[in-house]
Structures are given as C-alpha cells and as structure tokens.
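Accompanying notes for the structure given below.
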Amino acid sequence: PGEGYFAGIDDLPLAPGLVERPGERTSCETVAGRIEARGAAGRASREAVALFYAQALPQLGWQAQADGTYARGGERLGLEFSNPPEDAATLLLRILISPG
C-alpha cells in the first residue's frame, strides 16, 4: 500500500500521487452497516490509480467483482474516477464503502 491512509479508515490506503479532500468525507452507520465516502485528487493517471487499488485491496481482504467493485464481508467498495472540466490533468477519485 501507499504512503498514507484515508482519515478514519485505517485499512484504506491513499494511492500515490493523490491527496485526500477533507470536504468530501462522509461516514454514517445504518442498520445494514456502515457507509463511508472519501474523496481524493492529484496528478496521477486513472490507470495507475486503478492498478494500485487492484493490487492493494486484495491484500486487505477485498475481492474484485465482475462489475468493477470490490467485496469484503458484507460490504462493497466502489471507485469512481473523474476529471474536473477546469483542470483535465487532475484526477478526482471518490471511494464509497457501503453494505452489500
């Protein structure tokens, strides 16, 4: 795993080249389980970040699923990538962990 971890999730590494965006941090507990959302941004390629998580997440017990998400226990983890229109060189990453 990388150089750091997302705040409040000590087993979710932050991909190299990305910095967590504290304003995009959500946590809540539901009857079905926890919901965690985190955002990060940086000058990294989508391919490099996806490869980082494809290698790091299975080491942490997450199993890759056919739909591109990861599953562990009763939870799902999804990765969403985008680029802001004002700065196409910046990669935005949103991670969502939810029951499922």
**Message:** Every residue in region 85-99 that is in contact (Cβ under 8 Å) with a residue 40 or more places away in the chain and exposed (fewer than 15 other Cβ atoms within 10 Å of the Cβ), please.
**Reply:** Ala89, Thr90, Pro99
**Message:** Just to be sure I understand, how many residues within region 14-72 are small (Gly, Ala, Ser), out of contact with any Asp or Glu (no Cβ under 8 Å at 6 or more places or on another chain), open to solvent by less than 70 Å² (accessible area, probe 1.4 Å) and assigned to a strand (DSSP E or B)?
**Reply:** 3
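Take the residues in region 25-45 that are within 12 Å of the chain's Cα centre (by Cα) and not hydrophobic (A, V, I, L, M, F, W, C), then tell me which one is nearest to Ala71 (Cα to Cα).
If we take residues in region 25-45 being within 12 Å of the chain's Cα centre (by Cα) and not hydrophobic (A, V, I, L, M, F, W, C), then Glu36 is nearest to Ala71 (Cα to Cα).
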**When residues of region 73-84 are limited to those that are exposed (fewer than 13 other Cβ atoms within 10 Å of the Cβ) and either acidic (Asp, Glu) or closer than 21 Å to Arg21 by Cβ (or both), the one farthest from the chain's Cα centre (by Cα)** = Pro84
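The values are calculated or read from the model by the stated rules, or taken from the named source; none is laboratory data. On a predicted model such as this, the values are computed, not experimentally measured, just so you know. With ideal geometry, Cβ positions are generated from the backbone for all residues, glycine too; neighbour counts draw on all protein chains shown. Each accessible area value is taken on the protein alone, full model and side chains, heavy atoms only, with ligands, DNA and RNA left out. Shrake-Rupley method; radii C 1.70, N 1.55, O 1.52, S 1.80 Å.
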